[in-house]
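Student: If you scroll down you'll find the structure; I have some questions about it.
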Amino acid sequence: MTPEVLLALLAIVGPILGLLLGASLQYHFTRRNELTKHYENLKTQAYVDFAKSAAGIALWQRTGNAEEEMKAKILMTDAKCRIAIYGSRQVVENLANFFRNHGALETPEAVAAFIVAIQAMREESAITKDKVTDKEIRQLVVGQD
């Protein structure tokens, strides 16, 4: 082949290869971004469901509604399983520590351990990185300062 033919061939094939490479890279990065978003949504929903179930258990225990308390416990078990799958190492360790050593919000130490787990969830899930004090979290979770 002559140099002129090679240049002509390269002028035709080069842009086509560039387009194929660009499309492949765009597909790869778009797919990766979608999977990351989906994973983050699953993790955040597990964290929200856990907090919601903890509040439900506390509420229904105080009012003596055993049926609703059981529903909240089922939601908590489901959320804990999803956290075990999707949650960060730090959140999993904090929750395991809470359940291993306390399991219920009956003592100040238990509340403090629970708040550590909630704060870790918040740090991962918060859009803003505004800090919220443990005192404010304690007030929201157990109604105490």
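Student: What ranking, highest mean first, results for peptides 15-27, 132-144 when packing means the other Cβ atoms within 10 Å averaged over each residue?
Tutor: Answer by packing, highest mean first, reads 132-144, 15-27.
Student: On to the next question. Can you give me the distance in nm between label points at Lys131 and Lys71, each placed 7 Å from the Cα along the Cα-to-Cβ direction?
Tutor: 3.9
Student: Measuring from the lowest to the highest alpha carbon on each principal axis, how far does the chain reach, largest first, in angstroms?
Tutor: Here the spans come out as 89, 33, 23 Å, largest first.
Student: Please identify, among Asp49, Asp78, Asp130, the residue showing maximal mean-square fluctuation in a Gaussian network model of the chain using a 10 angstrom Cα cutoff.
Tutor: It is Asp130.
Student: Give Lys43/Lys129; Lys52/Lys135; Lys71/Lys135; Lys52/Lys73 a once-over and call out the pairs whose C-alpha atoms are over 21 Å from each other.
Tutor: Where the Cα-Cα span goes over 21 Å, the pairs concerned are Lys71/Lys135.
Student: Find how many whole Å separate the alpha carbon centroid of region 88-105 from the alpha carbon centroid of region 22-58.
Tutor: Cα centroid of region 22-58 versus Cα centroid of region 88-105: 22 Å apart.
No value in this document is a laboratory result; all are computed from the given coordinates. This structure is a prediction, so every number in the text was calculated from the model and none was measured. Virtual Cβ from ideal backbone geometry, glycine too; neighbours counted across all protein chains shown.
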